[in-house]
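Reviewing the structure listed below.
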Amino acid sequence: MAGVSSSIRNSHSSNQIFASRLLFILTALPLTLAAFAFILQWRGGLNNDPTTRWVTDSHEFPGMGGSSAPSDHLSHSSSDCSLLLGHFSSPSFPYYRDWKFDYQSDLKPKICITTSTSAGLEQILPWIFYHKVIGVTTFFLFVEGKAASPTVSAILESISGVKVIYRTRELEEKQAKSRIWNETWLASFFYKPCNYELFVKQSLNMEMAIVMARDSGMDWIIHLDTDELIHPAGASEYSLRQLLLDFPSNVDMVIFPNYESSVERDDIQEPFSEVSMFKKNYDHLPKDTYFGMYKEATRGNPNYFLTYGNGKSAARVQDHLRPNGAHRWHNYMKSPNEIKLDEAAILHYTYPKFSDLTSRRDRCGCKPTKEDVKRCFMLEFDRAAFIIASTATEDEMRRWYHEHIVWSDKALNMKLMRKGILTRIYAPMAIIQGLRESGAFRSVIEASLSKGSLVSSSNKTSNSSGDHISSSESTLSSRKMGKITVSQATVRKVLQIESNISFASYAVAAIPPLSPPGLDDHHKGEELLSL
């Protein structure tokens, strides 16, 4: 009996020892793993790629799940890179492999953007890097004004994939002999000031950019202003590359309808980071909704949009390609096969800052009368804004800006939002805020300064075959461009049309910025249908 009792006690003691050891193991194991993870985190983690740690917010954007980039959520790091990029975790964008965006060798299709700009770094840097994030490899920047200043241009030239072209006298003389200057389809815009002059410059610059794009091996070319962002909605990931990759090879041109920014305050400083509400294009709305809510959406302005409504386009780089004004492309050999996108859009940040009123006024020398502004501006709202900016006091200007541009009526905003006329788009805002917080813009500026490229760039541009010109000189010189070729225009010879090119390809007139359809268009359409 005593032996049995002893056996039971021994068994019980063994069970206690086993339980104690098991409890110890269960306690020690997670503590050990936690300590190991802490050590890895303290030393910088397993992945040293800092680009996966910049943040926009904690939510993935639609279509990002298929990204091939590394893990979306990595531990915070106290390494040197974290001082540059910040302590964040975020979804990874498809082409943000490192903060230099060095991916040009393996990205297909290769996409380039060309622009004509006089903006400053505060606008151009976010614009460039946003489009790098969504897959653009190359930028052809035709610069003047602020953008052509030695400091700004040197920083732009230091960015991988950016080619800066200055408006020199040599450039203007070359463009005055270009093919499209000596054709008729752009002729109605010649020898007019302000917006007409800009439109001609853009077209001439686009013609040069086509050659540069072909020489650089680009697959697609897009003309875009630096107050516009591409919104590649509808792609399997938030990627312009993926969007264009899905089109068959027989598609020559892809049209992006534009959305217009709808600012909700009159003190916006950084539109790309502060504006999330946009008015949809006619092409992305049911016709009944568009015309049924037209008056409420217009709010007493001349048209549904403040400015243009006919979108922008991407063209496949191919033989005989030519611009057809700033909004479209054409081909000397054929009518391009084009498609219009159902979801993707160009986000146009239109008069987003109060200072945009006076900046437009300061760029044009027209008289502030209803008749004279027609020489300067193609669209009715631009004309009205110029007159106000030229004749009103600052208080009157601000009141006018608030009444015509700022969307402060929350009840109306909600009503139009429910109808689908207004929409919220956060992805560009989040991307640019993330880039800014990561230090990407600051790093480009500091790298340019540290390399002493400002001096070299300044010397290079001032010693080039054409003199580097200031904003005021550029305006004067660009007007001279018209005078240089007046004699050519007056004795313009009959076009020598190649036998294999139809006259129709020349005769297609340049497509200007056009307002969206108005109520008059709707009524005329109904009248025709009733006949």
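Here residue 366 passes the criteria (1) part of a helix (DSSP H, G or I); (2) at pLDDT below 95; (3) touching a Pro at 6+ places or on another chain (Cβ under 7 Å) except the one numbered (1).
Is it the case that some residue within region 125-143 is open to solvent by 20 Å² or more (accessible area, probe 1.4 Å), farther than 20 Å from residue 434 by Cα and of a type in the set (Val, Ile, Thr)? Among the residues of region 125-143, not one is open to solvent by 20 Å² or more (accessible area, probe 1.4 Å), farther than 20 Å from residue 434 by Cα and of a type in the set (Val, Ile, Thr), which makes the answer no.
The listed residues are 331, 310, and the only one of them that is under 19 Å from the mean Cα position of the chain (by Cα) and farther than 21 Å from residue 409 by Cβ turns out to be 310. Restricted to region 343-363, and to residues there that are open to solvent by less than 30 Å² (accessible area, probe 1.4 Å) and in a loop (DSSP other than H, G, I, E, B), the residue that is farthest from residue 234 (Cα to Cα) is 354. Scanning region 381-405 for residues that are charged (D, E, K, R) and more than 14 Å from residue 360 (Cβ to Cβ) returns 394, 395, 396, 398, 399, 403. One residue alone among 114, 151 is touching a helix residue (DSSP H, G or I) at 6+ places or on another chain (Cβ under 8 Å) and surrounded by fewer than 17 Cβ atoms within 10 Å (Cβ to Cβ), and that residue is 151. Just checking, how many residues over region 310-342 are charged (D, E, K, R) and open to solvent by less than 10 Å² (accessible area, probe 1.4 Å)? Residues that pass the stated criteria total 2. For region 163-194, which residues satisfy the criterion of being among the β-branched types (Val, Ile, Thr), within 26 Å of the chain's Cα centre (by Cα) and surrounded by fewer than 19 Cβ atoms within 10 Å (Cβ to Cβ)? Within region 163-194, 165 is the sole residue that qualifies. Say whether the condition of being touching a helix residue (DSSP H, G or I) at 6+ places or on another chain (Cβ under 7 Å) and of a type in the set (D, E, K, R) is met by at least one residue in region 282-296. Scanning region 282-296, I find at least one residue that is touching a helix residue (DSSP H, G or I) at 6+ places or on another chain (Cβ under 7 Å) and of a type in the set (D, E, K, R), so the answer is yes.
All conditions in (1) in contact (Cβ under 8 Å) with a residue 24 or more places away in the chain; (2) closer than 30 Å to residue 426 by Cβ; (3) under 23 Å from the mean Cα position of the chain (by Cα) hold for residue 322, with the sole exception of (2).
Among the residues of region 274-289, the one identified as open to solvent by less than 10 Å² (accessible area, probe 1.4 Å) and within 20 Å of residue 128 (Cβ to Cβ) is 275.
Inspect all residues belonging to region 253-272 and state whether any of them is under 28 Å from residue 161 (Cβ atoms), open to solvent by 50 Å² or more (accessible area, probe 1.4 Å) and in contact (Cβ under 8 Å) with a residue 12 or more places away in the chain. Yes. Take the residues in region 206-230 that are of a type in the set (Val, Ile, Thr) and surrounded by 18 or more Cβ atoms within 10 Å (Cβ to Cβ); name whichever of them is farthest from residue 179 (Cα to Cα). The residue in question is 230.
The values are calculated or read from the model by the stated rules, or taken from the named source; none is laboratory data. All values reported here derive from a predicted model rather than from experimental measurement. Cβ sites come from the backbone with ideal geometry, for glycine too, and all protein chains shown count toward neighbours. Side chains included, ligands, DNA and RNA excluded: accessible areas come from the protein's heavy atoms. Shrake-Rupley method; radii C 1.70, N 1.55, O 1.52, S 1.80 Å.
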